[in-house]
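A.B. asks: Before I ask anything, let me first share the structure, which is written out below as structure tokens.
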Amino acid sequence: MELDDEDISYIMNRAATYLEMGKYEECIKDCERAVERGRELRSDFKMIAKALTRKGTALVKLAKCSKDYEPAIETFQKALTEHRNPDTLKKLNEAEKAKKELEQQEYFDPNLADEEREKGNELFKHQKYPEAIKHYTESLRRNPKDPKAYSNRAACYTKLGALPEGLKDAEKCIELDPTFSKGYTRKGAVQFFMKEYDKALETYQEGLKHDPKNQELLDGVRRCIEQINKANRGDLSPEELKERQAKAMQDPEIQNILSDPVMRQVLIDFQENPKAAQEHTKNPMVMNKIQKLVSAGIVQMR
């Protein structure tokens, strides 16, 4: 087949045919030739990008391990510098995702994961929390599905006051094993330290569904109820009340309750219309929201 040396579309068409036939090496050679000749002829940058994208596609087809994806990813990136095409961007994202998944598979080793977790446990016992986190993190790289490592790292983060990170790990622990009680004690502890007593109570109660006699969960429920009752009685100091209110106003759930026109009217009725307020107390949904506002220190019941 003779090719028009002044038009790279012929080379591109043959490369496409090779790609369909599964002759990926030949496809790559033609794409490289198309790019080289296209630059000499100052061809449309979209054609150059198309050739590079086709080459990247062939390289992906040849990939057998995570490192094999690197030239494909580099090629897609070059194509995007020529022309930002949605299809090329999609192929790049897919290649990066496949590379990451293969890296995890290649690195996966449950035995080494257990060893790293045990090293973390020893450091935790000696209160060396940052060092323990490193080993728990390595354990999770070796086995991303281990709820125990997430639970232990959550405990480290909590000890260090890194509460958002601790909450995230505790939630991942529960996601991986909803019956593992430690996940609930970790999550409940973080929420308690964040002064989100209603949420902590819900977490501990959820854990008790799976482990009804767990003492940590039972103690957590007791502590939460003590704090909630303290707010209900109005026993908070001005500083505690101010802190709790500021915290609550950042909570999306509290924000939604306060922005609800129906709840705004309910709150007005509680202040100005005793008869209407009495009717509201018969509505479990309304009273549940009122209870959340009371616990948050936003509303005080006398």
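A.B. asks: Return the residues of the range 142-167 that are assigned to a helix (DSSP H, G or I) and among the charged types (D, E, K, R); say none if nothing qualifies.
C.D. replies: Result: 142, 148, 153, 159, 165.
Conditions tested, residue by residue: (1) at pLDDT 95 or above; (2) farther than 30 Å from residue 142 by Cβ; (3) in contact with a helix residue (DSSP H, G or I) (Cβ under 9 Å, 6 or more places away or on another chain).
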| position | (1), (2), (3) |
| --- | --- |
| 21 | yes, yes, yes |
| 31 | yes, yes, yes |
| 43 | no, yes, yes |
| 49 | yes, yes, yes |
| 58 | yes, yes, yes |
| 101 | no, no, yes |
| 104 | no, no, yes |
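A.B. asks: Among (1) open to solvent by 50 Å² or more (accessible area, probe 1.4 Å); (2) under 26 Å from residue 166 (Cβ atoms); (3) within 22 Å of the chain's Cα centre (by Cα), where does residue 93 come up short?
C.D. replies: (2)
A.B. asks: If you scan the range 256-267, which residues turn out to be open to solvent by 60 Å² or more (accessible area, probe 1.4 Å) and either under 14 Å from residue 294 (Cα atoms) or modelled with pLDDT of 85 or more (or both)?
C.D. replies: 256, 261, 262, 265
A.B. asks: Let me ask something additional. Among the residues of the range 74-92, which ones are closer than 20 Å to residue 62 by Cα and either of a type in the set (Phe, Trp, Tyr) or touching a Phe, Trp or Tyr at 6+ places or on another chain (Cβ under 9 Å) (or both)?
C.D. replies: 76, 88, 89, 91, 92
A.B. asks: Residues of the range 35-57 being more than 15 Å from residue 19 (Cβ to Cβ), open to solvent by 80 Å² or more (accessible area, probe 1.4 Å) and in contact (Cβ under 8 Å) with a residue 12 or more places away in the chain, which ones?
C.D. replies: 45, 46
A.B. asks: Further question: Can you name the number of the only condition in (1) open to solvent by 50 Å² or more (accessible area, probe 1.4 Å); (2) assigned to a helix (DSSP H, G or I); (3) of a type outside the set (Asp, Glu) that residue 200 fails?
C.D. replies: Status for residue 200: all satisfied but (1).
Quick grid of which residues meet (1) in contact with a Leu (Cβ under 7 Å, 6 or more places away or on another chain); (2) in a helix (DSSP H, G or I); (3) free of Cβ contacts under 8 Å to residues at least 24 places away in the same chain:
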| site | (1), (2), (3) |
| --- | --- |
| 59 | no, yes, no |
| 68 | yes, yes, yes |
| 74 | no, yes, yes |
| 80 | yes, yes, no |
| 91 | no, yes, no |
| 101 | no, yes, yes |
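A.B. asks: State all residues of the range 158-193 that are basic (Lys, Arg) and open to solvent by less than 20 Å² (accessible area, probe 1.4 Å); if no residue qualifies, say none.
C.D. replies: none
The values are calculated or read from the model by the stated rules, or taken from the named source; none is laboratory data. All values derive from a computational prediction rather than experimental measurement. Reconstructed Cβ throughout: ideal geometry from the backbone, glycine too, with neighbour counts over all protein chains shown. Surface areas here come from the heavy atoms of the whole protein model, side chains and all, with no ligands, DNA or RNA. Shrake-Rupley method; radii C 1.70, N 1.55, O 1.52, S 1.80 Å.
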